[in-house]
1. Before we move on, is V175 β-branched (V, I, T) and more than 15 Å from the chain's Cα centre (by Cα)?
2. May I ask you to verify whether V110 is in contact (Cβ under 8 Å) with a residue 24 or more places away in the chain and more than 20 Å from Q161 (Cβ to Cβ)?
3. Against the condition out of contact with any Lys or Arg (no Cβ under 8 Å at 6 or more places or on another chain) and either closer than 21 Å to L283 by Cβ or surrounded by fewer than 16 Cβ atoms within 10 Å (Cβ to Cβ) (or both), how does L242 come out, does it pass?
4. Could you please tell me which pairs satisfy a Cβ distance under 8 Å, a separation of 6+ or placement on different chains, a first residue in the stretch 58-77 that is farther than 24 Å from L275 by Cα, and a second residue that is in a loop (DSSP other than H, G, I, E, B)?
5. Pick out the one residue from V114, V78 that is closer than 14 Å to L128 by Cβ, hydrophobic (A, V, I, L, M, F, W, C) and modelled with pLDDT under 95.
6. Kindly check whether there is at least one residue in the stretch 231-244 that is at pLDDT below 95, within 23 Å of the chain's Cα centre (by Cα) and of a type in the set (D, E, K, R).
7. I'm checking my understanding of the structure. Among residues of the stretch 37-75 that are open to solvent by 70 Å² or more (accessible area, probe 1.4 Å) and in contact with a Ser or Thr (Cβ under 6 Å, 6 or more places away or on another chain), which one is modelled with the lowest pLDDT?
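The values are calculated or read from the model by the stated rules, or taken from the named source; none is laboratory data. Since we're looking at a predicted model, the values are computed, not measured. Heads up, the Cβs are rebuilt from the backbone with ideal geometry, glycines too, and the neighbour counts pull from every protein chain shown. All accessible areas refer to the heavy atoms of the entire protein, side chains included, with ligands and DNA or RNA removed. Shrake-Rupley method; radii C 1.70, N 1.55, O 1.52, S 1.80 Å.
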Amino acid sequence: MRSTSNPIFKNLPKQEQTGGYANFGSGVAGAGQFGQQFGNQYTDQYGRPVQQPYQQVPATRSMTIDDVVTKTGITLGVLALSAILSFALSSANSGLAPLFVIGGGLVGLVLVLVASFGNKMDNPAIVLSYAVAEGLFLGALSLMFTGVEFGGAGGSALIGQAVLGTFGVFAGMLVVYKTGAIRVTPRFTRMIVGAMIGVVVLMLGNLVASFFTDGGFGLRDGGTLAIVFSLVCIAIAAFSFLLDFDAADQLIRAGAPSKAAWGVALGLTVTLVWLYVEILRLLSYFQND
C-alpha cells in the first residue's frame, strides 16, 4: 500500500505477503489444524473414538465502501451537532468561545495522536470523542471568524459558504480520483507530504514570530501573502483527499476488517476539518475587506 499524508491512514494495519489481511486469514487456518489434530478426543455411545468435524470460526467481515460511508456519516453527524451546540453557547456567552477553541483543539489533537501512535484508530469511542471535541472547536472558531464581537462582519452566511465549499472540494476530488484524472503515485505522495511538512513549518514559524512581531511573517494577517498562503493550504488539503481515498481503497482491496472503517472515517474527518478552517479563514479575509 502506498503511504499517505494522513497520519491516521499511515498506522492502519497493512496487508501481509503471507496471505490474508494482517494475518487474520492465517489465524483461522491454524485453528482448523488444531481441530483436526484433537478432533479424535470424542467417543461415541460405545466408547469408540470418533473424528468430529471442526467447525471453523467465522472470519472477520471485510470492510466495504458502505462501512466507510456509514462510519464517516456518523462521525460527521456527531461533529455537526457538537459544532451547532458550541456556536449557540458561544453566541449566548462570548467568553466561552476561546475556551472551546483552545480546549476542543487540544483535546482533538491529543485524540488524533493517541489514535495514530497508539494503534487505536479503529476505536469508535476515540473517533466519536474526536468528533465532539472538533465540533466544539469549529463551532466556536466559526463564531470568532464571523461574530461582530470578535471583529467579524457578522452574519452566518460565511459559515454556510465555507461548509458548501468544503464538501464541494471533497466531492470534486472524489470525482477526480474515481475518473483517474490524477493518479496517486509514490512521487505524487512524496510531493504532497513534503508540501504538508513545509506548510506546518511555516505555520509554526509564523506563530513564533507573532510573539515578537505584530502579524509574524504576515501569513495570517489578511494581506495578499495571507490570501496566497491560504490558497496553497486549501490546494494541499484538497490533494490530500486523493491520498486518503487511495489508502481507503487499498484497505478495502486488502480485505481489512470492517472496524477499520472507523479509522478511515477519522482520517477523512481530519482532512475535512483542516480544509473547512482554511476556506473559512480565506473567506473572512475578503469579508473584512
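1. Here the answer is yes, as V175 does meet what is asked.
2. So V110 fails the test.
3. no
4. S62/Y21; S62/G255; S62/A256; M63/G255; M63/A256
5. V114
6. Looking through the stretch 231-244, at least one residue is at pLDDT below 95, within 23 Å of the chain's Cα centre (by Cα) and of a type in the set (D, E, K, R).
7. The selected residue is P49.
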